[in-house]
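Contents: one structure, followed by commentary.
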Amino acid sequence: RVLSLAEDGTLLIEPTHELTALRLNHRNHERLILDAESEHILENIHGDCLEIILEVDPPVNGTFGLKVRCAPDGQEQTLIIFDASKSKLIIDTTRSSLSDKVAQPWPSPQSAFFSELPEEKTDIRIQEAPFALAPRETLRLQIFLDRSILEVFANGRQCITQRIYPSRSDSRGVALFSGGGRTVVKCLEAWDMAATNPW
């Protein structure tokens, strides 16, 4: 990560530029329209090592997001959500894995395999961070998926990292969704990413 200060003193956080060297097999989409309460499966984008960049006009008072590591029947999926009404960036791992050996304990680690949940740790499946757009500001998400590591950067001002452990080998799909209003995905770029994480 690269940290810097904006002129107004805002802390900026971006992925390091060297990660572009891992990009393979570029795909792109332009101007995808999602009606309220709709989902769009990205047929040509799937895998467990991906970089995805989106420029989006999300609903003013609704939600926009992506589902990654999706099983074809939806039994496993991890949600990345921007909730404009709550001014939050969210990773929801409620359905990330069918395995009963996976927990999201707090305090750390963020996610791990356990035969049973350690004592004095709470299983937290939804991670939230404050994030709001300025009036007429476009949402820009840059997402890195490296096996079990999921990292989401939003407009250079927020970042969430989470570990996920899908149990199914076919949990590799990606989809977009919109709730509470119409969403315009101005552009979407995706690359397969050379793996850096063996797990």
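The values are calculated or read from the model by the stated rules, or taken from the named source; none is laboratory data. Keep in mind that what you see is a predicted model, and the values were worked out from it rather than measured. When we count neighbours, we look across all protein chains shown, and the Cβ atoms used for this are built from the backbone with ideal geometry, even at glycine. Accessible surface is based on the protein model in full, side chains and every heavy atom, while ligands, DNA and RNA are left aside. Shrake-Rupley method; radii C 1.70, N 1.55, O 1.52, S 1.80 Å.
Some observations on this one:
- Taking the chain and dividing mean pair separation by its residue count, relative contact order in percent (alpha carbons under 8 Å, at least six apart): 38
- Of the trypsin sites (Lys or Arg not before Pro) in the range 133-199, the ones in a loop by DSSP (not H, G, I, E or B) with at most 10 other beta carbons within 10 Å are ARG136.
- Gain in span if fully extended, LYS88 to VAL2, counting 0.36 nm per residue against the direct Cα distance: 28.8 nm
- Loop-located GluC sites (Glu not before Pro) in the range 10-45 (DSSP state other than H, G, I, E, B) with a sparse environment of at most 15 neighbouring Cβ atoms within 10 Å: GLU37.
- Selection of trypsin sites (Lys or Arg not before Pro), the range 40-111, meeting DSSP coil and at most 16 other Cβ within 10 Å: LYS86, LYS101
- The Cα-based radius of gyration and maximum Cα-Cα distance (Dmax) for the range 143-192 are 13.3, 33 Å.
- Probing with 1.4 Å while keeping every protein chain in the model, the per residue accessible area of the chain equals 52 Å².
- Take the Cα of THR161, step 7 Å toward its Cβ, do the same at GLN75, and the gap between the two points is 3.2 nm.
- Projecting label points 7 angstrom from Cα along Cα→Cβ for SER169 and ARG125 puts them 2.7 nm apart.
- Once C-alpha pairs closer than 8 Å and six or more residues apart are averaged by separation and normalised to the residue number of the range 1-79, the relative contact order reads 14 percent.
- Segment ILE53..ARG27, full-extension length gain: 8.3 nm, with 0.36 nm per residue of separation and the alpha-carbon distance subtracted.
- Carbon + sulfur, % of accessible area of the chain - ligands and nucleic acids excluded, 1.4 Å: 51
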